Amino acid sequence: MTFVSAALLTVSAGGPALADDKPGSKPDQPKPPSAMSSVGGARLGQPGTQVNLGTKTPVLPKKVTGRSWMVSDAETGDILASHNAHWRLPPASTLKMLFADTVLPKLPKDQKHKVEPSDLAGMGEGSSLVGVKEDASYSVHDLWLGVFLQSGNDAVHVLSAMNGGVDKTVQDMNRHAEQLQALDTHVVSPDGYDAKGQVSSAYDLSLIARSGLQKKDFREYCSTATAKFPGGGKADDFDIQNTNRLLTGADGVTPYKGIAGVKNGSTTHAGTTFTGVAERDGKVLLVTVMNPDSDESQAVYNESARLLDWGFAAAGKVDPVGELVAPKGAAGDAASKGSPAHGKDHGKGTGQSAAAAKKDDSSGLGIALAITGGVLAVIGAGVFLVNRRWPLPDLVRRLPRR
């Protein structure tokens, strides 16, 4: 794996962090705001790459071109490194994580629903579909498989109808985002389809994923590689496969060891987006990458894999630049941990300097993917993560259920 030299990522101790400095950035590309939200720490409100590297910490991978990205520890909430973490950008189907985190607890998975024509109204042209049919009956379980595996906007709209309609579901999602302190997020369409004013951020998507992953069914669905979907009759059932290439190894992407979800997306305005969770040696990391501008095939997955590799190699060797905050009201005043008024002062870090990032014999090498069992090994790792006790802080585990 190729890593960028320390000199290219120098951040002064007293000045702002790097501007929109991702490799391959084109001059006509939008630039991040000069100041963004500081939820989770002051450093996160600054544009550019935020990371604290010591002498024995690997430097960041070179080939990461995402407009916004973040690597965080799912257990502690520590943010190990970020780039324009609070830049509000179109999220594409990664927004379905918020849809699931909001609606999944409300509908029993064995509940059945006969699809009315009105249930499928209002879907955007060219929407991704799982193949829901009018007048056919589906269980909630079937529909969630369609959402997570095939990113089916048709399944989202049917579940929204069961939740009281699209408008109510959008209101519920915006309310839940505020409760989670995902304040960069504004929902217009529950399926993530491009809509004016619909935005999220790498920070918020990681926060939302962390909340969703505390729900057993959410973990099950997002780690499922393949499933059967009803086709109207028993003989008409058909196979569906998860569109998360790091899970399945489809389209030439190398499956990532220990991957267990969570969601990918792609639209005209959002480009490609991805939030993933992976476990290695008892450490669970989250990664979010939004809109890489690389010409590399399947760039969003390859860049996510590189950042996860770096995160596992850097864990325990790098001081965090911020944190994933707890939901509002999770445990009194402690729920505001990491918010602008109550958070740790991660803004006093020195950033990455050439001296601090100088390599020695034990740094800068990264770690190999070391996949030996193919897709089955990846699925096995996902099942392990699903079945183990999810190691999240007590504050977040006490998130009120709906």
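The values are calculated or read from the model by the stated rules, or taken from the named source; none is laboratory data. These numbers come from a predicted model, not from an experiment. Cβ: placed from backbone, ideal geometry, glycine included. Neighbour counts: every protein chain shown. Side chains included, ligands, DNA and RNA excluded: accessible areas come from the protein's heavy atoms. Shrake-Rupley method; radii C 1.70, N 1.55, O 1.52, S 1.80 Å.
Here are some notes:
- Residue check for T185: among the β-branched types (V, I, T), surrounded by 24 or more Cβ atoms within 10 Å (Cβ to Cβ), out of contact with any His (no Cβ under 6 Å at 6 or more places or on another chain) and touching a residue at least 24 places away in the same chain (Cβ under 8 Å): yes
- Among (1) among the hydroxyl-bearing types (S, T, Y); (2) farther than 21 Å from I208 by Cβ; (3) in a loop (DSSP other than H, G, I, E, B), the one test that T76 misses: (2)
- Flag: L53 does not match the condition of being within 19 Å of A314 (Cβ to Cβ), open to solvent by 30 Å² or more (accessible area, probe 1.4 Å), at pLDDT below 90 and not in a helix (DSSP H, G or I).
- L8 vs. criteria open to solvent by less than 20 Å² (accessible area, probe 1.4 Å) and either at pLDDT below 95 or closer than 18 Å to F274 by Cβ (or both): no
- Residues considered: S223, S266, S201, S206. Of these, the only one that is at pLDDT 90 or above, touching a His at 6+ places or on another chain (Cβ under 9 Å) and within 24 Å of R306 (Cα to Cα) is S201.
- Any hit, the stretch 232-240, residues being open to solvent by 20 Å² or more (accessible area, probe 1.4 Å) and part of a strand (DSSP E or B): yes
- Single residue of the stretch 89-125 satisfying the filter (within 17 Å of N264 (Cα to Cα) and not in a helix (DSSP H, G or I)) that is most open to solvent (accessible area, probe 1.4 Å): P90
- Test: residue in the stretch 39-47 that is of a type in the set (G, A, S) and crowded, with 24+ Cβ neighbours inside 10 Å: yes
- Summed over the stretch 158-182, the residues that are open to solvent by 10 Å² or more (accessible area, probe 1.4 Å) and not charged (D, E, K, R) give a count of 11.
- Residues in the stretch 247-306 that are free of Cβ contacts under 8 Å to residues at least 60 places away in the same chain, in a loop (DSSP other than H, G, I, E, B) and open to solvent by less than 20 Å² (accessible area, probe 1.4 Å): V253 alone.
- Tally, over the stretch 313-322, of residues that are in contact (Cβ under 8 Å) with a residue 24 or more places away in the chain and surrounded by fewer than 22 Cβ atoms within 10 Å (Cβ to Cβ): 4
- Subset tally (residues that are under 17 Å from S151 (Cβ atoms), in contact with a helix residue (DSSP H, G or I) (Cβ under 9 Å, 6 or more places away or on another chain), open to solvent by 10 Å² or more (accessible area, probe 1.4 Å) and hydrophobic (A, V, I, L, M, F, W, C)) for the stretch 188-231: 1
- Residue within the stretch 135-154 that is open to solvent by 50 Å² or more (accessible area, probe 1.4 Å), more than 23 Å from the chain's Cα centre (by Cα) and either at pLDDT 95 or above or of a type outside the set (A, V, I, L, M, F, W, C) (or both) present: yes
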